[in-house]
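Remarks on the structure that follows.
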Amino acid sequence: MALIELKKICKSYPLDGFSMQILKDINLTIDKGEFVAIMGPSGSGKSTLMNILGCLDKPSSGHYLLDGMNVEKLSSDELAEIRNRKIGFVFQGFNLLSRTSALENVELPMVYAGIPSKIREERAAAALKKVGLEKRMGHQPNQLSGGQQQRVAIARSLVNDAPIIFADEPTGNLDTKTSIEVMDLFTKLNEELNRTIILVTHEEDIARYAHRIIRIVDGEIHSDEEVAHD
């Protein structure tokens with residue numbers, strides 16, 4: 001059974017009394033352990049698709065099966081629970097709390113899940129070690145480089161052992177060298193921890209780290225290609 005299955009997904013938003021269609025009949029299957037990049041020009045619908053896949057938004061019509069569960073029928077509370085258990089998010093802007101240590105930032109999803117503080121601290125420390133930041137746990141974001149801040153965000157996405165990581169333009173604020181380091185880390189998480197990675201990017205060289213590139217044009221899947229890796 002596929003981890004993610006979209007069937008005829010459409011998404012529309014009201015605009016000036018009309019309905020503006022963003023996604024049109026999207027059919028998509030992603031298996032556990034895949035590394036998939038979603039590409040498309042600005043306004044193509046790729047971010048809307050990411051929001052639906054990440055249970056941040058619901059489709060206007062169609063069916064979304066996540067690990068066999070019919071997502072579009074769930075309440076807001078149920079969607080929040082799914083996000084907390086199954087999904088880790090990494091964003092372009094890092095989304096870290098500024099006056100909070102790296103360790104405390106990584107603990108945040110576990111605070112919402114009601115996990116006791118001692119266990120939170122142990123898990124957060126282990127996640128930071130996985131991303132090579134065991135010596136920076138007490139540092140606040142302004143004491144870390146952009147690449148280190150993104151590693152903290154990646155550690156936070158791992159800490160609840162979520163099987164899926166959504167990365168929305170994760171290298172958008174990073175220089176070339178740091179971007180390569182961050183993408184190498186995603187590759188490692190995919191290959192060694194079997195995390196399913198779904199990456200949204202407009203950069204071709206970043207997309208080619210994935211094993212599959214899905215291109216969205218005008219709200220429709222334009223192509224779905226395998227990427228050859230040596």
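The values are calculated or read from the model by the stated rules, or taken from the named source; none is laboratory data. Here the structure is a predicted model, which means the values were calculated and not measured. Cβ: placed from backbone, ideal geometry, glycine included. Neighbour counts: every protein chain shown. These area figures cover heavy atoms from the full protein model, side chains too; ligands, DNA and RNA do not enter into them. Shrake-Rupley method; radii C 1.70, N 1.55, O 1.52, S 1.80 Å.
Checking each residue in segment 41-64 for being in a loop (DSSP other than H, G, I, E, B) and either among the hydrophobic types (A, V, I, L, M, F, W, C) or in contact with a Cys (Cβ under 8 Å, 6 or more places away or on another chain) (or both) picks out C55, L56, P59, S60. Filtering E72, E104, E5 for residues that are among the acidic types (D, E), outside any helix (DSSP H, G or I) and surrounded by 15 or more Cβ atoms within 10 Å (Cβ to Cβ) leaves a single hit, E5. Specify which of the listed residues (K24, K118) is assigned to a strand (DSSP E or B), among the charged types (D, E, K, R), more than 30 Å from N173 (Cβ to Cβ) and open to solvent by 40 Å² or more (accessible area, probe 1.4 Å). None of the other options fit; the residue is K24.
Tallying residues that are assigned to a loop (DSSP other than H, G, I, E, B), surrounded by fewer than 22 Cβ atoms within 10 Å (Cβ to Cβ) and in contact with a strand residue (DSSP E or B) (Cβ under 7 Å, 6 or more places away or on another chain) within segment 27-40 yields 3. Considering segment 200-214, and only residues there that are at pLDDT 95 or above and in a strand (DSSP E or B), the residue that is surrounded by the most Cβ atoms within 10 Å (Cβ to Cβ) turns out to be I214.
Screening E191 against (1) open to solvent by 30 Å² or more (accessible area, probe 1.4 Å); (2) within 25 Å of P41 (Cβ to Cβ) leaves a single unmet condition, (2). The number of residues in segment 134-185 being surrounded by fewer than 20 Cβ atoms within 10 Å (Cβ to Cβ), assigned to a loop (DSSP other than H, G, I, E, B) and among the hydroxyl-bearing types (S, T, Y) comes to 1.
Condition (residue is without any contact (Cβ under 8 Å) to a residue 24 or more places away in the chain, within 21 Å of H222 (Cβ to Cβ) and open to solvent by 50 Å² or more (accessible area, probe 1.4 Å)) applied to segment 56-69: is it met by at least one residue? First the steps, then the outcome.
Of the residues in segment 56-69, the ones without any contact (Cβ under 8 Å) to a residue 24 or more places away in the chain are 58, 69.
Subset that is within 21 Å of H222 (Cβ to Cβ): none.
Scanning segment 56-69, I find no residue that is without any contact (Cβ under 8 Å) to a residue 24 or more places away in the chain, within 21 Å of H222 (Cβ to Cβ) and open to solvent by 50 Å² or more (accessible area, probe 1.4 Å), so the answer is no.
Looking across segment 132-170 at every residue that is β-branched (V, I, T) and at pLDDT 90 or above, the one that is farthest from G54 (Cα to Cα) is identified as V152.
For the criterion of being outside any loop (DSSP other than H, G, I, E, B) and closer than 19 Å to C55 by Cβ, N84 passes.
Of the residues screened, V71 is not one that is of a type in the set (A, V, I, L, M) and under 14 Å from I154 (Cβ atoms). Among the candidates S117, S98, S76, which residue alone is of a type in the set (S, T, N, Q) and in contact (Cβ under 8 Å) with a residue 40 or more places away in the chain? So the residue among S117, S98, S76 that is of a type in the set (S, T, N, Q) and in contact (Cβ under 8 Å) with a residue 40 or more places away in the chain is S98.
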